[in-house]
């Protein structure tokens, strides 16, 4: 299914998209790049990368590819092997991707052609992007996933509960819990009380962290080790 979108510029100069079918944006209007760095890289990826061990990571909502781009850069910088599984039910078209300015605003001109390579990578296959970063994109709905515990980290970047409530129900969040290794972590920008209660009931240990600009808090949830 094609994603119908409209582009806009966020306050840090990076682009984002409005999903017209859902009436929500892919990123915060206060800054797409700074939101992704704050929620997913700093609160999720860094604590695990600093352990200097190879990581298996799953992203729910590949979307614009911004999180994958930022994660690639950190894996390269620290030279930690990382397998990145990206789940997206409604992939963007190449014309939508080409209009985004992340190579300039996120990658600061480094790794020319990388952003396009992430989007052009074949679906449903492991694709070595570099020595340290392997990408596997799946065109699938998150609520239909079935995994044994294999991931160290989940970027839960689905659209907000008001737009995609099925992705925030106990059933789907339980799939995320089952997909994590003991000690695995899920990070998300969403900090709604009902989502917190569901995560706790499933068995996660929760931390409420300072959110990115425009959001008071965010969630880091850990599966007991």
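Quick check on this structure: which one of 124, 104, 93 is without any contact (Cβ under 8 Å) to a residue 40 or more places away in the chain, more than 23 Å from residue 11 (Cα to Cα), over 16 Å from the mean Cα position of the chain (by Cα) and surrounded by fewer than 14 Cβ atoms within 10 Å (Cβ to Cβ)?
124
What is the residue count in the stretch 27-57 for residues that are buried (at least 21 other Cβ atoms within 10 Å of the Cβ) and part of a loop (DSSP other than H, G, I, E, B)?
Of the residues in the stretch 27-57, 3 are buried (at least 21 other Cβ atoms within 10 Å of the Cβ) and part of a loop (DSSP other than H, G, I, E, B).
On the basis of being crowded, with 18+ Cβ neighbours inside 10 Å, within 13 Å of residue 133 (Cα to Cα) and under 13 Å from the mean Cα position of the chain (by Cα), does residue 69 make the cut?
It is true that residue 69 is crowded, with 18+ Cβ neighbours inside 10 Å, within 13 Å of residue 133 (Cα to Cα) and under 13 Å from the mean Cα position of the chain (by Cα).
Only the coordinates and a few stated rules stand behind these numbers; no lab work does. The structure displayed is predicted, hence computed values, not measured ones. Cβ atoms come from the backbone with ideal geometry, glycine included; neighbour counts cover every protein chain shown.
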